[in-house]
Amino acid sequence: MMEAKIRVKNLRVSFQSDDGRVQAVRGVDFEVGRAETLAIVGESGSGKSVTVKTIMGLLPSNAAVESGEILYSGRDLLLTDEREYQKIRGDRISMIFQDPMSSLNPIMRIGEQLTEAMLLKVRVRRRECRRRLKKYMEDLQSAMEKAVALKGAAIGDPEKLCEEFMQYAIKRKQDKKAGIARGVSVLQDAGEELLKFIDGAESGLRYSAGLQAERIRENTDIIKQSREVFLNKEPSRREWEREGKALSKTALKLMDPLAINGDTVIAPFPRGLRKQIKLFFQYRSIDREQIRANILGLTDRLLAHLKELSDSVDKRDYNIEALKTTGVLTELAEGEVETLTAAEAKKKALELMEEVGIPHPEEKYSQYPFEFSGGMRQRIVIAIALAADPEILICDEPTTALDVTIQSQILELINRIKKERKLSVIFITHDLGVVANMADRVAVMYAGKIVEYGKVDEIFYHPAHPYTWALLSSMPDMDTKDKLEAIPGTTPNMICPPEGDAFAPRNKYALEIDFEQMPPLFKVTDTHYAATWLLHPDAPKVEMPAVIRERIERMKERYDGTIE
Amino acid sequence: MTELSSENNTQDTLLRVEHLCQYFKKGKSVNKAVSDVSFSLKKGEVFGLVGESGCGKTTTGRTIIGLYKPTSGEIYYNGKRIDNLGRQEYKKLASKIQMIYQDPVSSLDPRMTVFDIVSEGLLINGVKDRSLIESRVYEVLEMVGLAKGHAGRYPHEFSGGQRQRIGIARAVIMEPELIIADEPVSALDVSVQAQVINLLNDLRDRLGLTILFIAHDLSVVKYFSDRIGVMYFGRIVEMASSQELFDHPLHPYTRSLLSAIPLPDPVYEKMRKRKVYNPGEDGDPDFLGEDTALFEIGEGHFVRCRENIRDSLFGTGNENG
């Protein structure tokens, strides 16, 4: 298994409605690797859209994420605050929606729509980089000064060193723009002054980490005491909120301001805690023990992290860290002086339009969305999604509103871009033909759970879950002549989802246990799992429906042994 | 110009459309939504019309049911011309031709109960006997798989598939001979699509319905229809029995359309090559221009092309083409 770009763990999302708690997503796990497409298939109401909207941080206000983690580049997106999220959404993770017209502004020329985000992002990034760089340099400088005062370490004047570093970083950026070759890393073109700075940074980092460890030792007991409050069987909202605030304050005090890229456990802690406490008291119907477990989990994770920090304080290699820090600072400085003129943005937009297959981009650049056909509009939406060069592309039924020939073109386009840009794609659809075309791996969702998960060949040639069978046999293909095997009934009401296997009432292969107990995910192969009691060793042997068996036989004959 | 084989004039032809043209004028420009479309439906047959959005398939259906007056051309129902009937005359006929719409949400009045929706047609046609109306409504509801208890509810209380069943019940209660189904399943979920297709199939057998099935999902059309007409830019470019059309597509547009269907078969999908159809480009022989016509190539298999290239492309065609 290749390294996962994004990993979703035990995600549970519910909506609070007048009638009660709608359990839209009930424990979903999956991961997507680099240059891989995961297709999520299911009927409407199966929770597939809610899952990806959670990833994008686009849930409405009556939604509650009850548990779970979404891990992306070393952090949990569910704990990320809105400001941070804006740097990820549409930038690192982009999304394409079903209806291209509703994701385009009808009264803006498409050229503007393409460049708007690019220009804005650069401006925001400059401001952000300037702020972060200034703050970090001040913190570093004061840490260095204290280190000098403490040990009299001979590293020269911290203020001067910091200033020189800034000039170096900006010059590096300008050289890059002018095309003058520079070493890839800071170390490669480090001059004497720069080496001195690295030395200074090292002592500053060491001093700061020592200070942090000391504070942690002082405060650990306070945090442990606070934790006890959340064990209270008869909680009071005021008490919890007061305690939560105090705990957050203590935690923030323990942050090392010089940690590279910020502290990924302490920084999001207050927000996560506040959210969970709010959930606990806000909704009557919510599973309170689950939320309590979440709060305790958060606190335990914080404690473990703090312990690790204070234990490792003497073992860390501050020289390496200083080097890394210099690299990050150089990047920030580069970001600060980065500019994008309207002309450059236009050039980039035209390249993008070319890439997504819009003919005569120069001419189309100043047209309005209504002047384009459905397929062309969807291409524009894809171009906008690609503008920030994302790593992950989420497609929510991008071709459902399109004609079959246009659909085919758009699918080809997404596939091509995925290969060229090594994108991770999450593709939502209910069309199994599209899944067969796009997916590397498939997750079949029903009633908020993944019922079958595997490689695309495994799902289509060795389906194991009765729901997958039902989906496959309910659609006619080119050779279908008999009556279609429709799935009887409708999807269950998610306010009170059925006990046991949610598909059991519509499933003609259901066993008695299906109505009583939720089946776990049984392993079929190393990459193929299905949640059905039929795979239990004690279950009666049930064959998949004849329609599918025959269809698969036909496919096998057609390819003569290429399919296992 | 287009000549269809003479068997179309025999008695079992229910609907015959000849040289139908429907132009929409907008200022000075004329949108030729349907131009020179001819086909016929035998009793008990399902005829599928497929094509991209904007190719005129829905307009054709709506013109047949009298929602538009055709610009030119004739429509015969049971041998009687119906496109030039007056309002009163048409009304007598209307109950025999019913339509099922694509979107079950917008085609049902949200402020009417199911009973009112389904019985409205009977009332309009002057049925006054309350008990007869009731028994008919319940009978029809049962026929489409709904319960008697559903009659008092409002459309918003139903799922998409059930709403489409109400739409079907409303059409079926008039005991129609011809149903024009305009994309009846494309707004529905996969699993529900099969339910509705099965229902339509069932009703067709039980009531001996003739159906004009308009859709863009080719695998559904293939499964459901006896014959298929492929439309492109307002014209029928190819028409054949569904098996023949899928086995031996002749018109380049049909081929391109068929090559675009994604199938639930990963190995096939990895190998599938989409055929591109650019009329007029790539040295394609012209299959669309004004001087083209439908020619019968095999038995019941019509292809639109220019006469002088017909023989070189398809060998000697059938003489009555």
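Laid out as a table, the results:
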{"item": "The protein assembly as shown - charge dipole about Cα centre, Lys and Arg +1 at Cβ, Asp and Glu -1, debye rounded to 20", "result": "2680"}
{"item": "Residues in the range A:27-70 occluded by at least 40 Å² - accessible area, probe radius 1.4 Å, against chain by itself", "result": "A:Glu43"}
{"item": "Mean ellipticity per residue at 222 nm, deg cm²/dmol - from DSSP H runs of n ≥ 4 across chain A, formula -39500 (n - 2.57)", "result": "-16500 deg cm²/dmol"}
{"item": "DSSP loop trypsin sites (Lys or Arg not before Pro) with at most 10 other Cβ within 10 Å excluded, longest remaining stretch of chain A", "result": "A:1-232"}
{"item": "Chain lengthening between A:Ile222 and A:Ala388 when straightened (0.36 nm per residue, less Cα-Cα)", "result": "55.4 nm"}
{"item": "FRET efficiency estimate (nearest 0.05) - Cβ-Cβ, B:Asn198 to A:Tyr559, R0 30 angstrom", "result": "0.45"}
{"item": "Charge dipole (debye, nearest 20) of the range A:22-136; +1 at Cβ of Lys and Arg, -1 at Cβ of Asp and Glu", "result": "1060"}
{"item": "Built amide H within the under 5 Å cut-off of B:Gly48, gap 5+", "result": "B:Phe213, B:Asp226, B:Arg227, B:Ile228, B:Gly229"}
{"item": "Solvent-accessible area lost in complex, 30 Å² minimum, residues of the range A:414-449 relative to chain alone, 1.4 Å", "result": "A:His430, A:Gly433, A:Ala436, A:Asn437"}
{"item": "Label-point gap, in nm, between B:Met112 and B:Lys273 - each point 7 angstrom along Cα→Cβ", "result": "5.3"}
{"item": "Accessible solvent surface per residue of chain B, calculated while the other protein chains remain in place, 1.4 angstrom probe, Å²", "result": "44"}
{"item": "Area hidden from solvent between B and A (accessible, protein heavy atoms only, 1.4 Å, total, Å²)", "result": "3500"}
{"item": "Mean separation of Cα contacts under 8 Å (6+ apart) over length of chain A, as relative contact order %", "result": "24"}
{"item": "Degrees between helix B:160-172 axis and first principal axis of chain B (Cα, 0 to 90, nearest 10)", "result": "90"}
{"item": "Cα-based shape type of chain A, given that a ≥ b ≥ c are square roots of the gyration tensor eigenvalues and the cut on a/c is 1.5", "result": "oblate"}
{"item": "Residues along the range B:221-245 losing 10 Å² or more of accessible surface when the other protein chains are present rather than the chain by itself (probe 1.4 Å)", "result": "B:Lys222, B:Tyr223, B:Gln243"}
{"item": "Cβ-based charge dipole, the range A:279-433, positive-most Cα from A:Ile414, A:Ile428, A:Met376", "result": "A:Ile428"}
{"item": "Kyte-Doolittle at least -0.5, axis length at least 27 Å by Cα - qualifying DSSP helices, chain A", "result": "A:288-312, A:318-337"}
{"item": "Chain B: angle of helix B:190-207 to the longest principal axis, Cα-based, in degrees nearest 10", "result": "80"}
{"item": "Three-way shape call for the range A:300-343 based on the alpha-carbon gyration tensor, with the a/c threshold at 1.5", "result": "oblate"}
{"item": "Between 0 and 90°, nearest 10: helix B:130-143 axis offset from chain B longest Cα axis", "result": "50"}
{"item": "Under Karplus coefficients 6.51, -1.76 and 1.60, residue-wise ³J(HN,Hα) of the range A:449-460 in Hz, glycine/proline x", "result": "10, 7, 9, 8, 8, x, 5, 4, 5, 5, 5, 8"}
{"item": "Pairwise FRET efficiency - A:Asn10 versus A:Ala149, Cβ, R0 = 56 Å, nearest 0.05", "result": "0.70"}
{"item": "Interchain or long-range residues, amide H under 5 Å from A:Ala35's placed H", "result": "A:Leu423, A:Ser424"}
{"item": "Chain B: relative contact order as a whole-number percent, Cα under 8 Å and 6+ apart", "result": "20"}
{"item": "Three-way shape label, the range A:345-432, alpha-carbon gyration tensor, a/c 1.5", "result": "oblate"}
{"item": "Unit charges on C-beta of K, R, D, E only; dipole of the range B:64-121, Debye", "result": "300"}
{"item": "Residue-normalised accessible area of chain A, given per residue in Å² at a 1.4 Å probe", "result": "48"}
{"item": "Sulfur and carbon atoms: percent of accessible area, the range B:90-157 [1.4 Å]", "result": "52"}
{"item": "Residue among A:Thr400, B:Gln98, A:Val229 farthest towards the positive dipole end of the protein assembly as shown, charges placed on Cβ", "result": "A:Val229"}
{"item": "Sequence-separation-based contact order of the range B:64-125, relative, with Cα cut under 8 Å and 6+ spacing, percent", "result": "23"}
{"item": "Charge dipole of the protein assembly as shown about the Cα centre (unit charges at C-beta), most positive-ward option of A:Val13, A:Ser73, A:Ser310", "result": "A:Ser310"}
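The values are calculated or read from the model by the stated rules, or taken from the named source; none is laboratory data. This is a predicted model, so every value here is computed, not measured. Using ideal geometry, Cβ is built from the backbone for each residue, glycine included, and neighbour counts are taken over all protein chains shown. Heads up: the accessible areas ignore ligands, DNA and RNA and are worked out on the full protein's heavy atoms, side chains in. Shrake-Rupley method; radii C 1.70, N 1.55, O 1.52, S 1.80 Å.
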